[in-house]
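Right, one structure below, let's go through it.
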Amino acid sequence: MSEDLAAKADYICVRIFVSGKVQGVGYRFSTRQQAQNLGINGWVRNLPDGRVEAVLAGDRPTVEQMIQWCRIGPAAAVVKNITVEEIKSRTIDGFTIK
């Protein structure tokens, strides 16, 4: 991704934290698949406290669509809470599981 894209007005980068039954249910793998389908860049990982953390980067409407998906997650997940914070835009290529 070029720096020019990160400078676009509709480009955003957010960090989300998802709590509930989100580990051991395929949440990270499903998140990566959904992000790749939407063209979102970033990463996702499990945290020691049972939450999932993700960074999502792309155009605002698509990132907002991805956040809405994260509020539900895969079929086996039970999302109780999600927090979203916009962070400084940065260049991220692809979507990985950490």
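The values are calculated or read from the model by the stated rules, or taken from the named source; none is laboratory data. Note that the coordinates shown come from a computational prediction; the quantities given were computed from them, not determined experimentally. Using ideal geometry, Cβ is built from the backbone for each residue, glycine included, and neighbour counts are taken over all protein chains shown.
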**Residue among GLY24, GLY73 that is on the phi > 0 side of the Ramachandran plot and buried (at least 17 other Cβ atoms within 10 Å of the Cβ)** = GLY73
**Message:** For the structure I just gave you, tell me whether ASN81 is among the polar types (S, T, N, Q), surrounded by fewer than 19 Cβ atoms within 10 Å (Cβ to Cβ) and part of a strand (DSSP E or B).
**Reply:** yes
**Request:** Of all residues in the range 28-40, count the ones that are part of a loop (DSSP other than H, G, I, E, B) and surrounded by 16 or more Cβ atoms within 10 Å (Cβ to Cβ).
**Result:** 1
**Prompt:** Of all residues in the range 41-78, which are part of a strand (DSSP E or B) and within 11 Å of the chain's Cα centre (by Cα)?
**Reply:** ASN41, GLY42, TRP43, VAL44, ARG45, VAL52, GLU53, ALA54, VAL55, LEU56, ALA57, GLY58
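The rows are residues; the columns are (1) of a type in the set (A, V, I, L, M, F, W, C); (2) modelled with pLDDT of 95 or more; (3) within 14 Å of GLN23 (Cβ to Cβ).
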{"residue": "GLY42", "(1), (2), (3)": "no, yes, no"}
{"residue": "ASP49", "(1), (2), (3)": "no, yes, yes"}
{"residue": "VAL52", "(1), (2), (3)": "yes, yes, yes"}
{"residue": "ILE67", "(1), (2), (3)": "yes, yes, no"}
{"residue": "THR91", "(1), (2), (3)": "no, no, no"}
**Prompt:** Do any residues in the range 54-82 that are of a type outside the set (A, V, I, L, M, F, W, C) have Cβ atoms under 6 Å from those of residues that are exposed (fewer than 12 other Cβ atoms within 10 Å of the Cβ), where the two are at least six apart or on different chains, and which pairs are they?
**Reply:** ASP59/ASP10; ARG60/ASP10
**Check on ILE12, in contact with a helix residue (DSSP H, G or I) (Cβ under 9 Å, 6 or more places away or on another chain), modelled with pLDDT under 95, buried (at least 19 other Cβ atoms within 10 Å of the Cβ) and not small (Gly, Ala, Ser)** = yes
